[in-house]
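Contents: one structure, followed by commentary.
Since every read-out is calculated from the coordinates, none of them should be taken as a lab result. Since the structure is predicted, the reported quantities are computational estimates derived from the model, not experimental observations. All Cβ positions, even for glycine, are placed from backbone atoms using ideal geometry, and neighbour counts span all protein chains on display.
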Amino acid sequence: MRAKLLLFSAVMFCAAPAFAISSDDVRAALEQRFKGDRTGACIAAGVIDGGTIATAYYCADPNSPRPYDEHTAFEIGSVTKTMTAALLAEFIARGEVALSDPIAKLLPPGTPVPSFNGREITIADIVTHTSGLPAVPTTYRPRDVNNPYAGATERDLLDALAATRLTREPGSKWEYSNFAVIVLSYALAKRSGKDYETLLRERLLLPLGMNETYVAQRPSQVRLAQGHLPNGTPAVPWDFHPDMAGVGGVRATLPDMLRYLEGQLGTRDSAITPALEQTQKQVASVDGHRMGMNWNLFTRNGQARISHEGGTGGYSSFAGFDRAAKRAVVLLSDTALTASGGLGSLGSHLLDPSILVGAPHVVATADAKLIDALVGKYRLRGGLGIELRHTVGHLAIQADGQPEFEMGYDSAGDFYPLKFDALLRPKRKADGSYAFTWFQGGAVLEAERLDPPMAVASKWTPTEAQLADYVGDYPLMPNFALRVSATGAKLFVQGTNQRSLEFVSVEKDVFVADSVSAEIDFERDAGDKVVSLTLKQRGQVLRGERH
């Protein structure tokens, strides 16, 4: 059920700017989100606003020796999937296949494809992530975890398809699947008789004038930005089998990606333009996900928006647009940011300035009490065992059969390994104990504690009179506030234009709502009067003074 409130889904309902966006505006947004960010990420950003194009390049570290320009390419990761969808739309326009056809119709004859109770996987199921195929083939073991697709062969893919057993009817549940799009990429290449890069160049890149976009055959004037892990360590580029690159193998410059989005907006006419428009139409709505053909569809403030994020081992990307407003945004980064939230909030802000841009995640020091509360043994969904320890003022993590790694801590309240890209987000529970959510490689895994948590001090139960100390309005941003009220012995919090939620006390001045993974800490002045609160939720920290 997706009716649960997200307090931090708040937006600022301010008017859109009267003038077209400028490059200075774009740079200011990049600075607001990334100045001093612990990842050291560099970002190339472009915004199309009507007939105006604004661009900016920005590095979190002003001393970063990364001189990027219009000929610098970045891995765009899963944004590639939208290009694969465009190729598919051309096949459909020529009458070769239909979305309702089984994917087997596109594959070479005799290719084994799993089904469920006679229900075959359709092409529509593939491009809406409802095929039932897992995120990655369960039988595939990467030869190199730092370049996970490099060693995959055609035999690996066909064996994985043959070995897969669906656990539900295709089309019944949304589950993001790279495996499914690899199958589609392979199918399109085989049907065309050309490798994916050649097919992409002929059908999409050349018609749109994207002459500096490639998979493996880099144009001589283009250089690939060095990718990085979030700790600044260089990361290797990802390589793909020539027929499977449609899942995430494209590398592109900022100007070329702006040409691509002009095609999506319909302002750059070409032979592929009708196919691009076709990919934007809704194909399915499952589990709260509205999907076009590999595009995510949203409605915000009455405006229809379309977007997709991407991430590889050392890069991140965002592409989004509002076709009616003729506005589009592309963000390309030389750093893997998937675990720390990606580029979605920044991209959404540049599409609609009323949406919060987010703040830098700067290095901070974790409270020793928080570290102690997390110490223990856990198991992630999927079975991996994890132990957390307190070592010399830091949190350390060790997974089954792996070495111990030191964790850093940032201003968003998240712990992160210093040696690889992942994130541990603590969650305060109603009984005062802590659990955590683990983010890695696009997966979001809840941790189940295996041993008893650290003893929690006896729970503080406020009286009605004590709850009255917190009642009031706490603005967190323009046009969004939290209203705190008390009814009997219960405390309630309501965000602007949102429903009221009960928060329960875990200790004096600290309240949580398990249902939305939110914690509110109240602050008092020297006279013991409550003067402000801090909302901590989903990696965001907002403070508001009491009015």
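Of note:
- Spherically averaged projected area in nm², based on the convex hull that wraps the Cα atoms of region 280-401: 10.9
- Residues in region 479-498 that a label on Thr461 would reach, taking backbone N under 20 Å of a point 7 Å out along Cα→Cβ: 486-492
- Seen from Asp256, the other residues with C-beta closer than 15 Å to its C-beta sum to a net charge of 0, counting Lys and Arg as +1 and Asp and Glu as -1.
- Cβ-based charge dipole, the chain, positive-most Cα from Gly342, Gly288, Thr534: Gly288
- Taking Ile520, Ile123, Ile355 and counting other C-beta atoms within 10 Å, the order from fewest to most: Ile355, Ile520, Ile123
- Cα-based helix-to-principal-axis angle, 154-163 vs the chain, degrees rounded to 10: 60
- Stokes-Einstein D (µm²/s) once Rh is taken as the Kirkwood radius of region 464-545 over alpha-carbon pairs, at 37 °C in 0.692 mPa s: 257
- Using a Förster distance of 25 Å, the FRET efficiency for His390-Ser532 (Cβ separation, nearest 0.05): 0.25
- Inverse mean reciprocal Cα-Cα distance (Kirkwood Rh) of region 368-449, Å: 12.8
- The chain, relative contact order in percent, only Cα pairs under 8 angstrom and at least six apart counted: 15
- For region 142-286, a/c is not less than 1.5, where a ≥ b ≥ c are the root eigenvalues of the C-alpha gyration tensor, and a/b does not top b/c. That puts it in the oblate class.
- Check: region 100-179 dipole with +1 on Lys, Arg Cβ and -1 on Asp, Glu Cβ, in debye: 160
- Each label point was placed 7 Å from the Cα along the Cα-to-Cβ direction; for Ser220 and Arg379 their separation is 6.0 nm.
- For the chain, the longest principal axis of the C-alpha atoms and the axis of helix 80-93 are separated by about 40°.
- Region 368-449: relative contact order as a whole-number percent, Cα under 8 Å and 6+ apart: 23
- Take every pair of alpha-carbon atoms less than 8 Å apart whose residues are at least six positions apart; their mean separation over the length of region 303-352 yields a relative contact order of 35 percent.
- Charge dipole magnitude, Cβ of K and R +1, D and E -1 - region 368-449, Cα centre, debye nearest 20: 240
- Share of alpha-carbon pairs per 20 Å distance bin for the chain, given as whole %: 20, 53, 25, 2
- Helix axis angle, 178-192 relative to the chain longest principal axis, alpha carbon, degrees: 10
- Theoretical ellipticity at 222 nm over the chain - DSSP helices of four or more residues, -39500 (n - 2.57) apiece, nearest 500: -5000 deg cm²/dmol
- Two-decimal Rg/Rh across region 205-258, once Rg and the Kirkwood Rh are taken from alpha-carbon atoms: 0.99
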